[in-house]
Amino acid sequence: MSDAPAYGFDTLQIHAGSRPDPATGARQTPIYQTTAYVFRDADHAAALFNLQEVGYIYSRLTNPTVAVLQERIATLEGGVGAVCCSSGHAAQIMALFPLMQPGTNVVASTRLYGGTVQQFSNTIRKFGWSAKFVDFDDLDAVRDAIDDDTRAIFGESIANPGGYVTDIPAIAEVGNAAGLPLIIDNTSATPYLCRPIEQGATLVVHSTTKYLTGNGTVTGGAVVDSGNFDWSASGKFPSLSEPEPAYHGLKFHETFGPLSYTFYGIAIGLRDLGMTMNPQAAHYTLMGIETLSLRMQRHVENARKVAEWLEKDPRVDYVTYAGLPSSPWYDRAQRLYPKGAGALFTFAVKGGYEACVKLVDSLELFSHVANLGDTRSLIIHSASTTHRQLTEEQQIAAGAAPNVVRVSIGIEDADDLIRDLDQALAKATA
Ligand SMILES: *Cc1c(COP(=O)(O)O)cnc(C)c1O
């Protein structure tokens with residue numbers, strides 16, 4: 001689809017990146033279940049290995065099925081290229097990898113997916129990287145946290161579990177003033193509800209495990225580049241601006257321009273870290289993306305109905321959902337996320353920890369799982385599961401207080417979801 005930008009979102013989610021298979025005419029994207037690709041001749045092989053010609057060598061780096069997904073996600077996000085990875089967490093490491101050196105840091109929002117807080121607090125230290133966590137609603141604090149060793153700013157568009165939505169344009173302005181790229185994890189919003197690049201982000205990461213695949217079948221991740229950051233301007237990004245010894249001194253930014261970050265992710269990142277998405281996973285995610293907008297509309301519609309019902313229920317203390325006027329982020333969500341504030345929120349049950357555990361055990365339609373973004377409605381009591389190692393103080397700070405449960409609202413009949421919550425709340429608070 002050479003004239004892709006002329007099409008609307010609903011068309012692009014089905015067509016971007018895909019074309020009938022040149023060998024067979026197959027209309028659906030085939031699963032290219034192959035490890036390697038035959039070179040035309042020795043010169044062709046040499047050109048591929050020198051990065052003088054783009055093509056397929058080995059599926060740790062590139063695969064035609066995965067390539068279609070990369071192009072589709074990049075198109076939906078309004079980026080120039082994308083690298084798919086084996087999971088969302090792999091994509092986060094992949095996003096930082098071209099930017100960081102030992103001794104550098106990333107300034108990150110305090111309101112992040114729990115696994116990301118863990119990855120950034122502990123695991124990245126093994127690479128000599130570190131993270132400084134700050135409240136993204138305090139722009140002065142973000143500015144103050146940036147130092148000479150900062151290489152990126154990292155936040156989530158819609159951050160679970162607390163119903164927080166990030167003011168991406170305001171944070172992007174801080175990043176621009178400091179000459180730093182802003183990375184936005186857009187997993188919970190998806191490009192249907194939010195396109196971070198249009199709001200000033202440089203890079204977008206996804207756990208494709210969630211809404212992009214949409215039905216809880218495979219793990220995956222993606223890093224999308226806007227293509228509009230000057231990696232050579234400050235001298236802070238030598239991986240992209242300086243000669244690369246593994247490719248005869250090639251300079252990625254000088255050679256590949258706006259595609260340099262994506263090519264570095266594939267040619268160095270996937271080659272040496274190996275956190276590759278497999279073609280089966282890419283196939284499931286391509287299937288899911290075809291219906292993304294339809295699912296997101298229903299996710300949002302159901303989330304709003306369920307949140308409104310819960311907020312009025314006397315057995316519930318409060319609901320944190322940016323789609324409700326009671327949320328401190330309601331106005332921001334209306335302005336920056338006009339199609340909806342997603343389908344993830346938390347609510348507090350009267351009766352505290354014990355009532356929450358009983359509620360989760362009494363639900364029949366909701367599944368008790370550590371996942372989100374499924375067609376099915378999901379629930380988890382964070383304090384007794386994902387956040388049980390934390391002190392009560394840390395649980396409260398993370399939006400996972402003992403009296404709170406988190407739901408990921410699916411695309412079932414909203415009335416059925418409400419009836420299930422009603423009967424379970426009766427048992428939980430009896
Ligand atoms: C799930 C999730 C991740 C991690 O993704 P995996 O695919 O589980 O590795 C990162 N960020 C957010 C917002 C998530 O929901």
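Considering only segment 335-394, state which residues are part of a loop (DSSP other than H, G, I, E, B) and among the β-branched types (V, I, T).
V369, T375, T385, T386, T391
Going by the conditions given, is S326 touching a helix residue (DSSP H, G or I) at 6+ places or on another chain (Cβ under 9 Å), in a helix (DSSP H, G or I) and small (G, A, S)? Working first, answer last.
Numbers: touching a helix residue (DSSP H, G or I) at 6+ places or on another chain (Cβ under 9 Å): yes; in a helix (DSSP H, G or I): no; small (G, A, S): yes.
Against the criterion (touching a helix residue (DSSP H, G or I) at 6+ places or on another chain (Cβ under 9 Å), in a helix (DSSP H, G or I) and small (G, A, S)), S326 does not qualify.
Answer yes or no as to whether T276 is within 16 Å of the ligand (Cβ to nearest atom), at pLDDT 95 or above, among the β-branched types (V, I, T) and touching a Lys or Arg at 6+ places or on another chain (Cβ under 7 Å). Can you show your working first?
Numbers: within 16 Å of the ligand (Cβ to nearest atom): yes; at pLDDT 95 or above: yes; among the β-branched types (V, I, T): yes; touching a Lys or Arg at 6+ places or on another chain (Cβ under 7 Å): yes.
Criteria met by T276.
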Next item on the list: Answer yes or no: is there a residue in segment 35-50 that is part of a loop (DSSP other than H, G, I, E, B) and among the aromatic types (F, W, Y).
Entry: yes
Check: With respect to the numbered conditions (1) within 32 Å of the chain's Cα centre (by Cα); (2) on the phi < 0 side of the Ramachandran plot; (3) free of Cβ contacts under 8 Å to residues at least 60 places away in the same chain, which one is the sole condition not fulfilled by R40?
Finding: (1)
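Take the residues in segment 277-329 that are of a type in the set (K, R) and touching a residue at least 12 places away in the same chain (Cβ under 8 Å), then tell me which one is surrounded by the most Cβ atoms within 10 Å (Cβ to Cβ). Before the answer, list the steps.
As a first pass, look at segment 277-329 and keep what is of a type in the set (K, R): 295, 298, 304-305, 312, 315.
Next, from what is left, pick out any that are touching a residue at least 12 places away in the same chain (Cβ under 8 Å): 295, 298, 304-305, 315.
On the way: R295: 21, R298: 18, R304: 18, K305: 15, R315: 18.
Among those residues, the one meeting the criterion is R295.
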Next item on the list: Run D230 past the list (1) out of contact with any helix residue (DSSP H, G or I) (no Cβ under 7 Å at 6 or more places or on another chain); (2) within 30 Å of L378 (Cα to Cα) and report the number of the one that doesn't hold.
Entry: (2)
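Considering only segment 8-31, I want to know if a residue exists there that is surrounded by 20 or more Cβ atoms within 10 Å (Cβ to Cβ), in contact with a Ser or Thr (Cβ under 8 Å, 6 or more places away or on another chain), assigned to a helix (DSSP H, G or I) and in contact (Cβ under 8 Å) with a residue 12 or more places away in the chain.
First, the residues of segment 8-31 that are surrounded by 20 or more Cβ atoms within 10 Å (Cβ to Cβ): 12-13, 16-17, 29.
With in contact with a Ser or Thr (Cβ under 8 Å, 6 or more places away or on another chain) added as a condition, the list becomes 12-13, 16-17, 29.
Narrowing further to those that are assigned to a helix (DSSP H, G or I): 12-13.
Those left that are additionally in contact (Cβ under 8 Å) with a residue 12 or more places away in the chain: 12-13.
Yes, that holds for at least one residue.
Of P161, P181, P102, which residue is farther than 26 Å from Y264 by Cβ and touching a residue at least 12 places away in the same chain (Cβ under 8 Å)?
Working: P181 fails: farther than 26 Å from Y264 by Cβ; P102 fails: farther than 26 Å from Y264 by Cβ.
The unique qualifying residue is P161.
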Next item on the list: Report whether or not L421 is outside any loop (DSSP other than H, G, I, E, B) and crowded, with 23+ Cβ neighbours inside 10 Å.
Entry: yes
Notebook entry, point to check: In the list L344, L359, L363, which residue meets the criterion of being within 16 Å of the ligand (Cβ to nearest atom) and at pLDDT 95 or above?
Noted result: L344
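Would you mention how many residues in segment 171-195 are under 21 Å from A141 (Cβ atoms) and within 13 Å of the ligand (Cβ to nearest atom)?
As a first pass, look at segment 171-195 and keep what is under 21 Å from A141 (Cβ atoms): 171-185.
Pick out the ones that are also within 13 Å of the ligand (Cβ to nearest atom) and you get 183-185.
Number of matching residues: 3.
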Next item on the list: Taking T217 as meeting all but one of (1) crowded, with 17+ Cβ neighbours inside 10 Å; (2) within 20 Å of the chain's Cα centre (by Cα), write down the number of the exception.
Entry: (1)
Next item on the list: For segment 405-421, enumerate the residues that are without any contact (Cβ under 8 Å) to a residue 24 or more places away in the chain and closer than 23 Å to S382 by Cβ.
Entry: none
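Residues checked against (1) touching a residue at least 40 places away in the same chain (Cβ under 8 Å); (2) of a type in the set (A, V, I, L, M); (3) within 16 Å of the ligand (Cβ to nearest atom):
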{"position": "Q199", "(1), (2), (3)": "yes, no, no"}
{"position": "L212", "(1), (2), (3)": "yes, yes, yes"}
{"position": "V218", "(1), (2), (3)": "yes, yes, yes"}
{"position": "S241", "(1), (2), (3)": "no, no, no"}
{"position": "H248", "(1), (2), (3)": "yes, no, no"}
{"position": "E254", "(1), (2), (3)": "no, no, no"}
{"position": "T262", "(1), (2), (3)": "yes, no, no"}
{"position": "G265", "(1), (2), (3)": "yes, no, no"}
{"position": "I268", "(1), (2), (3)": "yes, yes, no"}
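Taking the stated definitions as given, is L96 buried (at least 22 other Cβ atoms within 10 Å of the Cβ), in contact with a Ser or Thr (Cβ under 7 Å, 6 or more places away or on another chain) and either among the aliphatic types (A, V, I, L, M) or not assigned by TED's automatic domain parsing to the domain that holds T187 (or both)?
No: the conditions fail for L96.
Within segment 366-405, take every residue that is hydroxyl-bearing (S, T, Y) and within 14 Å of the ligand (Cβ to nearest atom) and give me the one that is surrounded by the fewest Cβ atoms within 10 Å (Cβ to Cβ). If you could, list the steps in order and put the result at the bottom.
Of all residues in segment 366-405, those hydroxyl-bearing (S, T, Y) come to 367, 375, 377, 382, 384-386, 391.
Filter once more, so that each one left must be within 14 Å of the ligand (Cβ to nearest atom): 382, 386.
On the way: S382: 24, T386: 18.
Across segment 366-405, the extreme among qualifying residues is T386.
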Next item on the list: Kindly provide the set of residues from segment 158-170 that are more than 16 Å from the ligand (Cβ to nearest atom) and either farther than 17 Å from A141 by Cβ or touching a strand residue (DSSP E or B) at 6+ places or on another chain (Cβ under 9 Å) (or both), ordered by number.
Entry: P169
Margin query: I'm told R125 meets every condition in (1) under 29 Å from Y318 (Cα atoms); (2) surrounded by fewer than 20 Cβ atoms within 10 Å (Cβ to Cβ) except one. Can you identify the failing condition by its number?
Written below: (1)
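The values are calculated or read from the model by the stated rules, or taken from the named source; none is laboratory data. Just so it is clear, the structure is predicted and the values come from calculations on it, not from any experiment. Quick reminder, even Gly has a Cβ in these numbers, built from the backbone with ideal geometry, and neighbours come from all protein chains shown.
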